[in-house]
Ligand code: SF4
Ligand code: SF4
C-alpha cells in the first residue's frame, strides 16, 4: 500500500464517521415521530421503487427532469470510475474488470460529458435565468460545483494515468484518452506529480460530497429511494387517516408538536429535494398567500434541527443533575413554525403531491395541524365555525333548513328512495346541488338528461346529509365521522348499491372515504355516466352553435380520480370545440374552493378564483365548462370581479348537454340558454347567504312565538 | 365564584316548525338545539370562571331530550348540570317556568345567575326578570359587557344612543345579549368530557313545587291562536340593460321611498 493509500484510509474513516453521525442524527429526528412503517404490499412497493427511482418517472413531468435522469444514471456509472481511481491510489496497478471493457468506459465518458453539460444548464436555470421555483442558494452551488469538479478531476486524473500506464481497454474512455494523448509527450515526473495532485483533488471532493449529503438537501439521495418504497399506496381520495374518536386514552387530537407527526411524515422532509415543483403549482402560493408546500417540508426540517440544538444547549447549560434540560422553551409548531394563515390557505387540491418527484405528502400534515386547531384548541376562523355549526344543525354548510333539501325538485316529481320502486341508481345531489340557486339548475339539467336516457334513479331528499368533505378537510374529524356514519346507515338501510354523484367532492368522499365506515358503493360522477350514455346513443344531441369552451378540470374529478377523459368526451359529443388552458389535466389549477376554502374569506388581492378564471379567459373562449358546483360558483364569482361575464358564461357540462338535446326544439334550447345566462349577468353570486343563527332567529321567531311551554 | 347558567333547548331557527293546533305547543321532536342566546350566557360564565376561579353549573328545565342542549353547554366547558324535568311542568308559562327555576336555584349555591336575554322560540325575554324577582335578587338585563370585581357586578346595557353602566352586589341575575362575546367551538376534549358527566335530574316533587303554579294548568296566560307569518315575497330583479337606473328610481318612487 502506498503512503497515500494509508492517509486515504484514515481520512475515509473520518469521513464515514462524520457521515454516519450526521445521518444517525437525522434518523433520530425522524424517530421522534409516532411509528409508522408501511410494509404492506411489498411486491408493489418494490416494483414502484424501481419505476420511480431508476425510471425517474415523476421527474419527467417537467422537461428539465431529463437532466436529472442523466445525472442520476451518470452518477451510478461514474461511481465505478471513482472506485477504480481510489483503488489505483491505494494499490498502484490494480484494475477492476470493468476498466477493461471498452464499451463501459465509453459509456462512462459519454455520461460524464452529458452530466457536465447538464450541470451547466442547471446552473444557468438556477442562477442566470432564475427559474422561480429554484432558489439561487449557496447549498445548491456547492453541490453543483462538487459534482462538476469531481467529474473534471476524474477526466484529468485518468488522462495522466492513461499517459503513464497505457491500458488498451481504456481507450473507450475517450475523453481521458484524448487528454492523455496530449500529455503523453510530457515528462514522467511531471505527470506523476500532476496525477498525484489530481488524485487527491478527486478524493477530497468525493469525501466532501459524502459528508455533505446528510447535512444538505442532498439527503434526498439517501432518503428519496426509501421514501419511494414507503409511499402511500391508498387511492388519493382515501389518504386522510381516520382518527379513533372512541379511544378515551387519546390525549391529543391532531398534531400540535412535531412529535405528533409519524415517522413517515418526518421522513418526507429528508426526502425533499427542495425542487420547488410543489410550490410552483400551489394555488395558495401562486395567488400570493403565505403557504408554500415546499416550506412545509423545509421549515419542518429546520425546526427539527433547531429543537435539537436548543435541547443540547439547555442540557449543557443546566447544572449537573438538574432537570432544566427537559424544560427548554421550544418554538411552537403552530404559531412559530407555521402561521395559522399558512395552515388555512390550503385547498387540498393535491397538485403539490401530484408534482412532487419524491412522493411527499403535504396535505395530511396540513390537515393534522388543522385538526389540532379545531378539535384540540377550538381556535380557528369564525367563518369556518359558522359553516361547521350550520352543518351540525342543518346538515349543510349554508345552514338552510334540512327539510328543504328536495325543494329544488318540487316541480320535477323525482321519486324519493325507499318510497318508490327500487331504481338502478341513487342520484346524490349534494348540498350545492340542493341549496345553491345556480347549482340547482345543474341538478335539474341532470334530471332531464337521466330521464332522456331512460336511467332509473331516485334521490334521498331530506335524508341526504352533507357528505362531510368540508368538515373533514377543515379538520373536524368528529363531525365528519358522525355525518359519514349517518349517511352510511341511511344508504345501507335502503340497500343502495350504485350512486351517481353531482359534486366531485361528494364523489370522492362516498367512493373513497365511506368504505372506512362500512359504506361500499359503486360511485360514479355524472360526466362518467353521460360519456357512456352518449357513446351508447342513449342521449341524442343536435349540434348547436359552434362554441369554444375552455374546460376546467376540477381537482376532485381530475387529480383525485384521474378522470380527465370522460368530461372531454362529453364535450366532444356535444360538438363544441374544447380549448385547453395552459395548465390543464394533472396541472390544472384549483378554483380555490376546496379544503373548506369555499367558506372562508379571501383577501381581494389573493383570490385563487380570479387567477384561474383569468387563465381560462386567456384562451378567449365563448364559455367556461366546469364539472363541479364549487368551480361553478368560483368561476362565476371570478368573472364577476375581474370582468368578462357579459361576454363569457360559465356552464356545467350537464347544462351544455341539455342545451343541445335533440328532443328539445332548437329555439327552446336557445331560449333556455339565454334564460340560464341572464341571472348570471345580473347577479354573479347566486349562493344563498350563510344563515347566521341568531340573526335568522330574530327574523323567524315571530312565526313560532305562540308556544310557551317552557319560557326563557 | 359559583355561576349558574340557565339554558333552554329550542327548535332550530331553520327548522320547519309545527304547532299542535289544540295546545298551540311547539313540536320539539325535530332539530332541537341549545338556544343560541344561551351560548353567549355559557361563554360569559366560562370567561368569568377562567379569569379567576369557580364553577359553572348549567340549569335547564325541559323534557329529557333537553339532555342534548345540556351536553352542548358541558362540551363548551361547564362543570356540572342540573335538569328540572317533569311531565307536570309541560306547558308552563313565564311565571311557572321562573318559579320552577327559582326553586331549583334555592337548592344550589351561586354568586351569579346568567341567562341568555331570550329564547328564540318563546321570545318573551321575561324569565330572567321573573327569577330575579322570585329570589329577591338584583337584575342586570340586556347586558352587553360584564365585569365582576370582588362582590359586585358591573354591566353595560346597550341603548339606541349609547350605553348605561349599572352596578349590583352579588349574588345577582344577569341576562346577556348577542355579541357580548364569541361563543367558543367545543373541543374534542370538551365533547368527550361532556359525554362522561352525569346530569343531576330533579322532578317537581323533588323540588317541592306547588302543582297549582306549574304546567299548562298553572299557567296564568293562555295561547288562543298562532299563525305562521306569510313568506316574504320574492324581490324584484332589475337587470341593467342601460335603463337600470331609471327602473330603480321608478321602483323606489312606486314604493314611496323617494
Ligand atoms: S394541496 Fe394544493 S393548496 Fe394545498 S399545499 Fe398542496 S398545492 Fe397548495
Ligand atoms: S416536497 Fe417534493 S416537490 Fe416539493 S420541493 Fe420537496 S421534493 Fe420538490
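The values are calculated or read from the model by the stated rules, or taken from the named source; none is laboratory data. Note that the structure is predicted; figures quoted are calculated from it, not measured. Note that each Cβ is placed from the backbone with ideal geometry, even for glycine, and that neighbours are counted across all protein chains shown.
Kindly indicate the residue of region B:74-93 that is buried (at least 22 other Cβ atoms within 10 Å of the Cβ) and part of a helix (DSSP H, G or I) and also nearest to the other protein chains (Cβ to nearest Cβ) among those meeting that condition.
B:89
Do you know which residues across region A:179-195 are in a helix (DSSP H, G or I) and in contact with a helix residue (DSSP H, G or I) (Cβ under 8 Å, 6 or more places away or on another chain)?
Listed by number, the residues that qualify are A:179, A:180, A:181, A:182, A:183, A:188, A:191, A:192, A:194, A:195.
Could you please find all residues in region A:227-269 being under 21 Å from residue A:213 (Cβ atoms) and more than 17 Å from the chain's Cα centre (by Cα)?
Hits for region A:227-269 are A:229, A:263.
For region A:319-427, please list each of the helices (runs of 4 or more DSSP H) lying entirely inside it that holds at least 1 residues being crowded, with 23+ Cβ neighbours inside 10 Å and assigned by TED's automatic domain parsing to the domain that holds residue A:556.
The qualifying helices (runs of 4 or more DSSP H) are A:382-394.
Please enumerate the residues belonging to region A:161-177 that are without any contact (Cβ under 8 Å) to a residue 40 or more places away in the chain and either in contact with a helix residue (DSSP H, G or I) (Cβ under 6 Å, 6 or more places away or on another chain) or over 25 Å from residue A:103 (Cβ atoms) (or both).
A:162, A:163, A:164, A:177 - these are the residues of region A:161-177 that are without any contact (Cβ under 8 Å) to a residue 40 or more places away in the chain and either in contact with a helix residue (DSSP H, G or I) (Cβ under 6 Å, 6 or more places away or on another chain) or over 25 Å from residue A:103 (Cβ atoms) (or both).
Determine if region A:627-649 includes at least one residue that is in a strand (DSSP E or B) and within 18 Å of residue A:584 (Cβ to Cβ).
No, there is no match, as no residue in region A:627-649 is in a strand (DSSP E or B) and within 18 Å of residue A:584 (Cβ to Cβ).
Suppose we filter A:180, A:138, A:118, A:186 for residues that are within 30 Å of residue A:292 (Cα to Cα), outside the structural domain of residue A:276 (by TED's automatic domain parsing) and without any contact (Cβ under 8 Å) to a residue 24 or more places away in the chain; which single one remains?
Testing whether each residue is within 30 Å of residue A:292 (Cα to Cα), outside the structural domain of residue A:276 (by TED's automatic domain parsing) and without any contact (Cβ under 8 Å) to a residue 24 or more places away in the chain leaves just A:138.
What number of residues within region A:386-399 are more than 18 Å from residue A:593 (Cβ to Cβ) and facing another protein chain (nearest Cβ under 9 Å)?
Adding up the residues that qualify gives 4.
So residue A:275 ticks every box in (1) surrounded by 16 or more Cβ atoms within 10 Å (Cβ to Cβ); (2) outside any loop (DSSP other than H, G, I, E, B); (3) in contact (Cβ under 8 Å) with a residue 24 or more places away in the chain but one. Which box is left unticked?
(2)
Would you be able to tell me the number of residues in region A:109-152 that are more than 33 Å from the chain's Cα centre (by Cα) and at pLDDT below 90?
0
Let me spell it out: the conditions are (1) in a helix (DSSP H, G or I); (2) free of Cβ contacts under 8 Å to residues at least 60 places away in the same chain, and residue A:519 meets all of them except one. Which number is the exception?
With respect to (1) in a helix (DSSP H, G or I); (2) free of Cβ contacts under 8 Å to residues at least 60 places away in the same chain, residue A:519 is out only on (1).
Could you tell me which of the residues A:246, A:290 is at negative phi, in a loop (DSSP other than H, G, I, E, B), surrounded by fewer than 20 Cβ atoms within 10 Å (Cβ to Cβ) and within 16 Å of ligand 1 (Cβ to nearest atom)?
Only one candidate passes the filter, namely A:290.
Assess whether residue B:139 counts as being assigned by TED's automatic domain parsing to the domain that holds residue B:217, within 16 Å of residue B:5 (Cα to Cα), in contact with a strand residue (DSSP E or B) (Cβ under 7 Å, 6 or more places away or on another chain) and without any contact (Cβ under 8 Å) to a residue 40 or more places away in the chain.
yes
Can we say residue A:258 is at pLDDT 95 or above, within 14 Å of ligand 2 (Cβ to nearest atom) and either surrounded by fewer than 22 Cβ atoms within 10 Å (Cβ to Cβ) or more than 14 Å from chain B (Cβ to nearest Cβ) (or both)?
no
In region B:219-239, which residue that is over 30 Å from residue B:19 (Cβ atoms) and surrounded by fewer than 12 Cβ atoms within 10 Å (Cβ to Cβ) is nearest to the other protein chains (Cβ to nearest Cβ)?
B:237
Need the failing condition index for residue B:154 against (1) within 14 Å of another protein chain (Cβ to nearest Cβ); (2) closer than 30 Å to residue A:385 by Cβ; (3) free of Cβ contacts under 8 Å to residues at least 40 places away in the same chain, just the number.
Unmet for residue B:154, out of (1) within 14 Å of another protein chain (Cβ to nearest Cβ); (2) closer than 30 Å to residue A:385 by Cβ; (3) free of Cβ contacts under 8 Å to residues at least 40 places away in the same chain: (1).
Quick check on residue A:308: is it surrounded by fewer than 21 Cβ atoms within 10 Å (Cβ to Cβ), under 20 Å from residue A:227 (Cβ atoms) and more than 10 Å from ligand 2 (Cβ to nearest atom)?
No, not satisfied.
What is the number of the single condition among (1) in a helix (DSSP H, G or I); (2) in contact (Cβ under 8 Å) with a residue 60 or more places away in the chain that residue B:115 does not meet?
(1)
Residues in region A:585-598: is at least one in contact with a strand residue (DSSP E or B) (Cβ under 6 Å, 6 or more places away or on another chain) and either within 16 Å of ligand 1 (Cβ to nearest atom) or touching a residue at least 12 places away in the same chain (Cβ under 8 Å) (or both)?
So far as region A:585-598 goes, no, none of its residues is in contact with a strand residue (DSSP E or B) (Cβ under 6 Å, 6 or more places away or on another chain) and either within 16 Å of ligand 1 (Cβ to nearest atom) or touching a residue at least 12 places away in the same chain (Cβ under 8 Å) (or both).
Taking the stated definitions as given, is residue A:334 away from every other protein chain (no Cβ under 14 Å), more than 9 Å from ligand 1 (Cβ to nearest atom) and touching a helix residue (DSSP H, G or I) at 6+ places or on another chain (Cβ under 6 Å)?
For residue A:334, the condition - away from every other protein chain (no Cβ under 14 Å), more than 9 Å from ligand 1 (Cβ to nearest atom) and touching a helix residue (DSSP H, G or I) at 6+ places or on another chain (Cβ under 6 Å) - is met.
Given the condition surrounded by 12 or more Cβ atoms within 10 Å (Cβ to Cβ) and more than 21 Å from residue A:214 (Cβ to Cβ), answer yes or no: does some residue in region A:11-33 qualify?
no
Residues in region A:211-225: is at least one over 30 Å from residue A:305 (Cα atoms), more than 16 Å from ligand 1 (Cβ to nearest atom) and touching a residue at least 60 places away in the same chain (Cβ under 8 Å)?
No, there is no match, as no residue in region A:211-225 is over 30 Å from residue A:305 (Cα atoms), more than 16 Å from ligand 1 (Cβ to nearest atom) and touching a residue at least 60 places away in the same chain (Cβ under 8 Å).
Taking only region B:158-211 into account, find how many residues are in contact (Cβ under 8 Å) with a residue 24 or more places away in the chain and part of a strand (DSSP E or B).
Of the residues in that region, 12 qualify.
Residue A:467: touching a strand residue (DSSP E or B) at 6+ places or on another chain (Cβ under 9 Å), part of a helix (DSSP H, G or I) and not assigned by TED's automatic domain parsing to the domain that holds residue A:254, yes or no?
No.
Can you name the number of the only condition in (1) in a loop (DSSP other than H, G, I, E, B); (2) within 11 Å of chain A (Cβ to nearest Cβ) that residue B:216 fails?
Here residue B:216 clears every test but (1).
Conditions tested, residue by residue: (1) under 27 Å from residue A:217 (Cα atoms); (2) away from ligand 1 (no atom under 16 Å from the Cβ); (3) free of Cβ contacts under 8 Å to residues at least 24 places away in the same chain.
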| position | (1), (2), (3) |
| --- | --- |
| A:253 | no, yes, no |
| A:256 | yes, yes, no |
| A:265 | yes, no, no |
| A:282 | yes, no, no |
| A:315 | no, yes, yes |
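For residue A:117, state whether it is surrounded by fewer than 14 Cβ atoms within 10 Å (Cβ to Cβ) and in a helix (DSSP H, G or I).
Yes; evaluated as a whole, the condition is true for this residue.
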